[in-house]
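The values are calculated or read from the model by the stated rules, or taken from the named source; none is laboratory data. What you see is a predicted model; the values in this text were computed from it and never measured. All Cβ positions, even for glycine, are placed from backbone atoms using ideal geometry, and neighbour counts span all protein chains on display.
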Amino acid sequence: MLKTVSLIKFVLLFFSLFTLFACSSHSPQTKNSGNNAAAKTRVELGLAYLAQGNIALAKANLDKALQHTPNDYLPYLGLAYFYQHTAQNQQAEHYYQKALQLVPDNGDVLNNYATYLCNQRQFTPAFQLFDKALASKAYYHFADTYENIAICAYLAEDQQKLNQALTQLQKYAPEKAEALQQRMKKS
């Protein structure tokens, strides 16, 4: 079971990272689009370095992104993921909250924060945020969110939610639903 939980956590982190990369193209435009572009590039670099295990360069790039656009959610979301990945949970929580303050109805922020909460075994608030993400305007990562809900329900041992999420996932991405079901059967 410990191996399964580790695999599920890895999958949750992977999909959180995928969604984070996807949301980076939706930063709100401000007067200084040069700073926005620089911040977006820094966040992407930071996450790429993090994926490669280069923690120092990841943090440096994410900090630079925040310097470029301190009023944009994306650097905060990147830093939240960084701290989540490095198991600094208080910091992760702080940065997720800050991103959520800036864009309370952003589906990507809601989905990523919900994934984090699920990893912390805070299932009820995680499911609430997943639902809010799915209801967000201009949010289109439904398959990713339903997959995250299914994984979270699996960890929570909530068979009803798991079945509902898999049914929805089947509608949006049948191949993902099948792959997830196969991984769950093996564990």
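Below, the figures for the structure above:
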| read-out | value |
| --- | --- |
| Residues of segment 47-83 that turn out to be more than 18 Å from Leu102 (Cβ to Cβ) and within 19 Å of the chain's Cα centre (by Cα), as a count | 11 |
| When residues of segment 26-57 are limited to those that are farther than 15 Å from Tyr76 by Cα and modelled with pLDDT under 50, the one surrounded by the most Cβ atoms within 10 Å (Cβ to Cβ) | Thr30 |
| Condition met for Leu117 (modelled with pLDDT of 95 or more, touching a Leu at 6+ places or on another chain (Cβ under 7 Å), buried (at least 22 other Cβ atoms within 10 Å of the Cβ) and not small (Gly, Ala, Ser)) | no |
| Residue selected from segment 120-138 under the condition at pLDDT 95 or above and not in a helix (DSSP H, G or I), by the criterion surrounded by the fewest Cβ atoms within 10 Å (Cβ to Cβ) | Arg121 |
| Residue within segment 130-153 that is within 17 Å of Ala80 (Cα to Cα), among the β-branched types (Val, Ile, Thr), in contact with a Cys (Cβ under 9 Å, 6 or more places away or on another chain) and touching a residue at least 12 places away in the same chain (Cβ under 8 Å) present | no |
| Failed item in (1) under 28 Å from Leu162 (Cα atoms); (2) surrounded by fewer than 24 Cβ atoms within 10 Å (Cβ to Cβ); (3) modelled with pLDDT of 95 or more, with Pro70 passing the rest | (1) |
| Residue match in segment 146-169 (condition: surrounded by 16 or more Cβ atoms within 10 Å (Cβ to Cβ), under 12 Å from Leu110 (Cβ atoms) and of a type outside the set (A, V, I, L, M, F, W, C)) | yes |
